[in-house]
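Read through the structure below, which is laid out as structure tokens, and then see the notes.
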Amino acid sequence: QVHLMEFGGALVQPEGSLRLSCAASGINFSQFRVGWYRQAPGKRRELVATITPRGSTDYSDSVKGRFTISRDNAENTVYLQMDSLKAEDTAVYYCNANKAARGYWGQGTQVTVSS
């Protein structure tokens with residue numbers, strides 16, 4: 001059975017930092033393209049960052065230069081380092097693993113940026 005679990009969400013002040021983790025079980029995570037998505041209240045889920053099996057990364061314009069996605073294949077984990085956080089980064093953050101026709105989601109972790 002496949003499980004994705006996100007960790008690391010918290011309440012943080014503007015300009016602060018957080019690191020989210022997405023840990024996978026039941027799959028060889030290293031073979032999957034992994035994306036971090038977020039969904040704010042009343043808004044559609046949006047793609048924030050992706051990393052391919054080879055480690056190529058891509059970011060939405062709203063987080064480019066502030067967020068960094070990385071992966072540790074030995075630990076079957078993908079990370080999202082978030083720096084210079086803004087109030088508009090407040091959302092539930094989800095990870096998604098995708099390979100061919102197979103896709104899996106985690107349950108999400110709440111990030112709140114507020115003073």
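The values are calculated or read from the model by the stated rules, or taken from the named source; none is laboratory data. Quantities reported herein were computed from a predicted structural model and do not represent experimental measurements. Reconstructed Cβ throughout: ideal geometry from the backbone, glycine too, with neighbour counts over all protein chains shown. Note: areas computed on protein heavy atoms with side chains; ligands, DNA, RNA excluded. Shrake-Rupley method; radii C 1.70, N 1.55, O 1.52, S 1.80 Å.
Here is how the numbers come out for the structure above:
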| item | result |
| --- | --- |
| Residue satisfying all of: in region 96-112; hydrophobic (A, V, I, L, M, F, W, C) and buried (at least 17 other Cβ atoms within 10 Å of the Cβ); farthest from Y79 (Cα to Cα) among these | V111 |
| Selection from region 67-80 of residues that are part of a strand (DSSP E or B) and loosely packed, with under 14 Cβ neighbours inside 10 Å | D72 |
| Elements of type strands (runs of 3 or more DSSP E) contained in region 17-64, each with 1 or more residues being in contact (Cβ under 8 Å) with a residue 40 or more places away in the chain and either more than 14 Å from E88 (Cβ to Cβ) or among the β-branched types (V, I, T) (or both) | 18-25, 33-39, 46-51 |
| Residues that are open to solvent by less than 70 Å² (accessible area, probe 1.4 Å) and within 21 Å of G16 (Cβ to Cβ), drawn from region 52-66 | Y59, S60, S62, V63, R66 |
| Pair list, Cβ under 8 Å, 6 or more apart: region 89-113 residue outside any strand (DSSP E or B), other residue among the charged types (D, E, K, R) | D89/R38; G106/E6; Q107/E6; G108/E6 |
